[in-house]
Structure formats: structure tokens, C-alpha cells
Amino acid sequence: MANGRGRREPVFDAPAAEAGEMDFTLSPEDRAGGSMARRRASRQDDDDRPPRRPSRSKKKSKRKGRSFLGKLVYAGVVLGLWGIIAVGGIVAYYASQLPPIDQLTVPKRPPNIAIMANDGSLITNRGETGGRTVTLKELPPYLPKAFVAIEDRRFYDHFGIDPQGIARAVYRNLSRSGGLQGGSTLTQQLAKNLFLTQERTASRKIQEAILALWLERNYSKDQILELYLNRVYFGAGAYGIEAASQRYYGKSARHVSLSEAAVLAGLVQSPSRLAPNRNPKAAQARAELVIAAMKELNFITPDMTKTALGQPADAVKPNGAGSANYAADYVMDVLDDFVGNIDTDVAVFTTIDPMMQAAAERALVDELNAKGQKFNVSQGAFVAMKPDGGVQALVGGRNYETSQFNRATAARRQPGSSFKPFVYLTAVERGYTPDMVLEDGPVNYKGWAPHNYDRKYRGPIAMRDALALSLNTIAVKLNMEVGPKAVAQTAQRLGITSPLQANGSLALGTSEVTPLELVSAYAPFANGGIGVTPYVISEVKTLDGKIIYKRPANAGGLGRVIDPSVVAMMNDMMHNTFVIGTAQKAQVPGWPMAGKTGTTDDYKDAWFVGFTGNLVAGVWLGNDDGELTKRVTGGNLPTEVWHNFMKVALKDKQPVGLPGGERFRDDVPVAGAGGDPRYANAGNGGDAWAPPQPQRRASSREKNFFEKLFGL
């Protein structure tokens with residue numbers, strides 16, 4: 001019913017039709033438990049109907065759908081997940097065999113030791129790597145690009161592992177086109193060189209990949225390439241591009257040509273097979289592949305390509321293959337005494353003179369090649385030094401490649417008569433003078449009866465001439481008068497460090513010494529009486545210029561060991577060796593010289609040590625096994641070697657006088673130059689000689705001493 005405002009009131013007395021639509025009566029299903037009753041009723045109705053069979057087509061379709069789609073997808077997903085888990089487990093296992101990633105560091109490169117000559121040129125490199133570290137900025141641009149072109153052309157695009165490169169390598173290997181391919185990136189190769197062994201196993205490849213990813217994360221591409229170039233092995237003991245450049249081309253990597261760079265880049269694939277000094281054809285063929293790859297990648301222009309292919313690289317004899325290595329060995333032997341442990345690349349500046357080193361090697365080797373077989377002598381050693389002890393040339397043998405034993409510094413041999421100056425020096429210091437006349441006659445000391453080279457005796461003879469002619473009897477008499485112990489002390493005072501037997505035969509040089517110490521013991525005669533300690537290192541620097549060691553300007557040797565007046569008398573007598581004595585073949589016109597030959601009694605060893613006012617040099621010849629030579633004496637082959645060296649070493653230099661040179665007698669004629677026939681046979685190891693008129697005869701006291709001592 002509507003009220004005054006049109007509002008309708010609810011009416012519950014609806015018509016029958018509407019009541020049917022709005023039936024609020026509860027059915028049995030609407031009551032509690034009605035749903036269960038409905039289900040029971042439904043089941044009963046179903047039981048009353050015949051059973052319905054499922055459609056065969058639907059069942060079959062459902063089963064087929066699971067086989068091709070569900071099962072296949074399901075199996076693929078499961079296998080994929082297990083594969084990922086397996087790979088992850090393998091990677092995790094091999095990663096666990098590596099040091100913790102957060103503690104991983106690039107191993108420090110073993111230091112290189114560059115040994116430099118006195119003019120700043122490189123003699124050779126020493127150390128495990130064979131060359132110093134270089135930066136990319138120092139290298140010509142085409143050099144690092146050559147390695148990228150042939151080893152890893154996608155180097156700047158991949159993340160350490162190159163899937164495309166691996167796929168390409170697999171394809172080429174399966175198709176056998178282009179030879180076997182490795183697929184390793186430069187980063188992987190670096191990882192192998194830095195951290196792993198060279199074994200070819202799956203486990204190593206996995207670790208290599210892990211480490212390559214670590215390198216890429218922690219270093220830039222240029223840093224990785226620089227590390228690679230300084231660590232990769234090029235064969236022949238050369239690690240790094242600088243060592244390889246020096247080894248094969250005798251120059252720094254900073255100066256290699258494009259053709260040389262191509263050879264070096266191709267070399268790392270197989271250093272032993274592609275070494276340019278051993279297999280130049282294979283090395284060049286590989287280099288042409290490198291050049292072609294560089295052209296394809298537009299790393300080089302067509303003109304550069306044409307030039308590189310038209311001018312193939314030629315390997316050279318490596319630095320240090322000859323006698324310079326003996327000098328380098330000596331440097332390495334003494335380096336620890338000055339700088340201790342080295343943990344960075346250094347340059348060691350030495351006193352070695354390249355010209356003198358080459359001249360010494362040539363003089364020694366040429367003499368042995370020409371006369372070694374005839375005289376049955378196979379080895380030699382040569383040492384030259386400044387009067388202050390700075391070693392300028394050191395040759396330790398005939399051929400370093402066949403024998404690295406350094407005879408100049410390590411071989412102790414009997415010096416023979418070249419030891420006699422120490423006997424005469426001891427006598428002069430006790431009052432003897434060069435003009436004193438002594439008696440050359442038979443000697444017998446408790447059954448020991450030494451004789452002269454020619455088994456002849458000359459009677460009265462001046463002391464200076466007795467030394468020049470190397471008379472054994474006089475040397476033995478002087479030795480016994482002053483005392484063998486005093487002679488040994490004199491030799492040690494001048495620098496002989498080897499043990500000396502203080503006995504009668506000491507005067508004849510029966511105690512063994514090395515060439516280096518004998519030459520250094522002669523240096524006081526050349527410098528006015530100052531004892532020296534031989535040295536070869538003048539300065540050591542790091543590559544950035546930091547000075548580690550510098551020899552002091554006033555570095556002391558042994559101090560004064562001979563009085564200047566005595567030096568003058570000794571040089572007078574030893575100068576006479578060049579005038580009438582056993583060293584006439586060694587003369588260099590215009591130069592005052594002094595020295596002494598030496599020959600052992602059985603021709604096992606032959607020596608000559610001589611000097612000018614600016615250079616001291618000594619030669620030893622013999623055989624390593626002690627086999628006797630065929631009459632090699634200090635007066636023949638050694639003096640020839642010494643003379644040939646001195647001609648080169650003193651060329652274009654102003655003659656320098658010897659200390660006390662004003663006392664030298666220049667009026668004695670030289671044999672073989674239209675001189676006095678009395679000296680015609682002098683200088684041949686002590687051959688027949690007629691003595692000059694003596695200026696003073698031995699006193700009666702001296703005669704009585706010798707008669708009493710030797711029973712004359």
C-alpha cells in the first residue's frame with residue numbers, strides 16, 4: 001500500500017503465481033545433512049541406470065598427448081636441470097681445487113737481469129725469463145695485433161671464453177679444414193701460463209675457463225694482452241716477447257719489423273717446430289698466415305702486407321752465444337755480493353768493453369783453430385783488465401755453447417815461470433837490483449836438481465836478463481835465499497788467493513792459480529804499486545732508474561803493496577822480456593810493455609801475462625784433461641794471442657808509459673830486426689843466448705852464500 005509520499009509497504013499476501021516464484025519452503029536437501037542425502041539419491045539413480053563406457057577415442061588421445069608433449073617436455077626439463085646440476089657440480093669441484101678466488105693473485109714474474117757493457121749496450125739477459133718486461137705502449141702497434149689476429153681475433157669482444165671460437169674450432173676439426181684448431185682464447189692461454197700446468201686434460205680446461213673468467217673480471221683487455229705478451233713461452237728458454245726478440249733477432253721487441261712480428265706471433269703455437277733459427281721455412285709459412293689474418297682484419301694496409309711478404313725475417317745469431325756468456329757468468333757469480341736477493345727487473349752495468357771482448361775471443365779462437373791441432377792444445381782462457389782491476393774482457397774457453405766451464409775464473413793451473421816476478425819482487429825488496437850479477441849454474445837441493453829450459457848454463461848474468469830469459473836456476477836460488485814463505489806472502493799481498501805451497505819449487509810456479517787472479521796480481525806493476533781486487537760491476541739499477549748499487553769512486557782495493565821505486569825496478573826487468581827475452585813476439589810498436597811468459601816443466605800449461613800503462617792482460621793455453629801439449633811454451637802461442645789482442649785493444653790510443661819507465665833501457669837491440677846476433681835465439685822458451693857484459697858481479701858474500709846453500 002502506498003502512503004501519502006508514494007512509499008510502498010511490504011505485502012506478504014502475494015498471488016499464487018508469485019508465491020511459486022518465491023517459495024521459501026525447505027526441501028530435504030536444504031535441511032541438515034541434505035547434501036549427503038542428495039549424493040546417496042544420485043548414486044541410487046545411477047545404479048538404476050546401465051553403466052556408461054568411456055569413449056575410446058578420448059582415452060587414446062589423452063594417452064598420446066602425454067607421450068609426445070608432456071613426457072618429452074618433462075624429460076627434457078628434467079635432463080636439462082640434471083645437466084645444469086652436473087656441470088655446476090663439476091665446475092664447483094674443480095674450482096675447489098684452485099686457491100680461493102678472493103685470494104687469487106697473478107704470480108709475480110721472475111726478475112730479469114740485463115747485463116750491460118760499459119757503453120750501455122746489452123751483453124745478454126739472465127734470469128728465468130731471458131728478457132725484461134715491456135708495456136704495450138713501448139711496442140709497435142702491429143706487434144700485439146699480430147697475436148690477436150692469429151690467436152684470438154675476437155679477443156676484444158668475448159668475456160674470456162669465446163663460444164663462437166669454440167664452435168668454429170669444433171667445426172674445422174670435424175671437417176678437417178684449416179688444420180686442428182684449439183679454440184682457447186688469449187685469456188685462457190694466459191690463465192694456463194700463470195696458474196696451471198701444460199697437461200692436456202678436461203679438468204685443466206675447466207680450471208682454465210674458470211680462471212679466464214676471473215682474469216676478465218679483474219683486468220682490462222689491454223692489461224691481459226700485456227701480461228700475455230710478457231709471459232708466453234717462445235722456445236729456447238725465452239719467456240716473453242722481449243726475450244724472444246733478443247733471442248731470435250738480436251734486438252728489442254720495440255724495434256722488430258712487421259715480418260719479424262708475424263714470425264713471433266706464429267711461433268707460440270709450437271715453439272720447437274716453428275723456431276726461425278731451426279726451421280725457417282715453417283716459421284715463414286706460419287708468418288704468412290699471420291700477415292693474411294692481419295690484412296683480413298684490417299690491422300695492416302695492403303702496402304704493409306706487400307712489404308712484409310716481400311721482406312721475410314731472418315733470424316740472427318743470438319746475443320751471448322759466444323764468449324760474452326763467460327763474462328756474464330762471472331757477473332752473476334758476484335752479483336749477490338752487491339745487491340742480495342732481486343725481486344724486480346734490473347740492469348747491471350759492467351766494465352766489459354764490447355770491442356775488447358770481441359778482440360779477445362777472436363784472438364784466442366783464431367789461434368786455436370789455426371794451430372791447436374798441430375800443437376795438441378784445445379782450450380784457452382783470456383783476461384784483460386784496467387790497472388785498477390776493472391775487467392774489460394773475459395773469455396773462459398774456446399766455445400761457450402760446447403762448454404760453459406769458465407776457465408778464466410775457475411780453472412786452477414800451474415802458472416810456470418809467469419810466477420817468477422813474485423820471486424824477483426821479494427828479492428828486490430830485500431836489496432837486490434836489476435843490475436846485480438848472479439851465477440847461472442847447476443842447482444841441487446836435497447836431491448832436487450831443476451834445470452833451465454835448454455838444459456844449458458850461462459855463468460854470470462845480470463838479474464834483469466835472468467828474468468827476461470826465464471832462467472830456472474836463478475829463480476830457484478833467489479827463492480831459497482829470501483825464503484819460499486816470504487815469496488808466498490808477496491804473491492798473496494799482490495792478490496793471489498789460491499793456496500800456495502811454500503817450498504823450493506814455488507819459484508817455478510808449481511802452485512796452481514786461476515787466470516783472473518794471476519792477471520789481477522800483475523796489476524800493481526801497471527798502476528804504480530796499488531793492489532787491486534778485480535771487479536766487473538759498476539752499477540745496478542731498476543728499470544725505473546732507481547740505483548740499487550753504485551761502485552764508489554774511491555773503492556779501495558788492497559792499498560799500496562809495492563814501493564814505487566821497487567815497481568820501477570820490476571818493470572825495468574819485465575820490460576826486458578820484450579826486448580831480449582821470451583816475449584819478443586808480443587811487442588806492439590810504440591808502446592812500452594812489460595810482462596812474463598810461463599811454461600810448466602812438462603808442457604802441460606802455457607801462459608803469458610803482460611801489461612802497458614793502461615791495460616793488463618793474460619793468456620792461458622792447455623787441455624782440460626791435463627794432456628800434454630806438443631811443446632807449447634809461453635813464448636810462442638800465448639804471446640801471439642796476446643799480441644793479436646793488444647793490436648786491436650790499443651789501436652788509435654795514445655801510448656801510456658809504465659810506472660818508472662824512465663829507468664828502462666831502450667838501447668838493447670831486438671832479435672830478428674837487424675839487431676845483435678847474440679840475441680838471435682832469445683825468446684824461444686830459453687834457447688841459447690850469449691849474455692851481455694855484466695855491469696856488476698856478485699859479491700864474495702853472495703858467492704859464499706850460494707856455495708854453502710847449494711853446494712856449488
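The values are calculated or read from the model by the stated rules, or taken from the named source; none is laboratory data. Keep in mind it's a predicted model, so treat the numbers as computed, not measured. We place every Cβ from the backbone using ideal geometry, glycine too, and count neighbours over all the protein chains shown. These accessible areas exclude ligands, DNA and RNA; they are computed on the full protein's heavy atoms, side chains included. Shrake-Rupley method; radii C 1.70, N 1.55, O 1.52, S 1.80 Å.
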* Structure fact -> Computed over segment 271-424, the relative contact order (Cα-Cα under 8 Å, seq sep at least six) in percent reads 20 percent
* Structure fact -> By the mean-Cβ-within-10 Å protection proxy, highest first, 379-388, 248-257, 344-353, 466-475 rank as 466-475, 379-388, 344-353, 248-257
* Filter on 374/446; 192/221; 420/653; 386/630; 477/630 - keep pairs with C-alpha separation over 27 Å -> 374/446; 420/653; 386/630; 477/630
* Structure fact -> Between the modelled labels at residue 446 and residue 542 (7 Å from Cα along Cα→Cβ) the distance in nm is 6.2 nm
* Rounded to the nearest 0.05, what FRET efficiency do residue 296 and residue 69 have when you use their Cβ-Cβ distance and R0 = 51 Å? -> 0.60
* Built amide H within the under 5 Å cut-off of residue 549, gap 5+ -> 540
* **Efficiency of FRET between residue 222 and residue 164 - r from beta-carbon atoms, R0 22 angstrom, step 0.05** => 0.50
* So if R0 is 25 Å, what FRET efficiency would residue 653 and residue 502 give, r being the distance between their Cβ atoms, rounded to the nearest 0.05? -> 0.05
* Among rounded, prolate and oblate, which fits segment 532-589 when a ≥ b ≥ c are the square roots of the eigenvalues of its C-alpha gyration tensor, a/c under 1.5 means rounded, and a/b larger than b/c means prolate? -> oblate
* Structure fact -> Relative contact order as a percentage, segment 506-623, C-alpha pairs under 8 Å and 6+ apart, gives 24 percent
* Accessible-area order (highest first, 1.4 angstrom probe) of the listed residues 453, 228, 239 -> 239, 453, 228
* Asked: What does the highest-first list of 435-443, 144-152 look like by mean Cβ count within 10 Å?
  -> 144-152, 435-443
* To do: Might you tell me the accessible area per residue for segment 500-564, computed with a 1.4 Å probe and given in Å²?
  => 40 Å²
* To do: Pairs of Cα atoms under 8 Å, at least six residues apart: use those to get the relative contact order of segment 226-278, whole percent.
  => 31 percent
* In debye, nearest 20: dipole of segment 453-501 around its Cα centre with unit charges on the Cβ of K, R (+) and D, E (-)? -> 40 debye
* Cross-link pairs 485/651; 108/145; 371/647; 541/647 - those with Cα-Cα distance over 31 Å -> 485/651; 541/647
* Starting with the highest mean, order 649-656, 190-197, 285-292 by the number of other Cβ atoms within 10 Å, averaged over the residues of each peptide. => 285-292, 190-197, 649-656
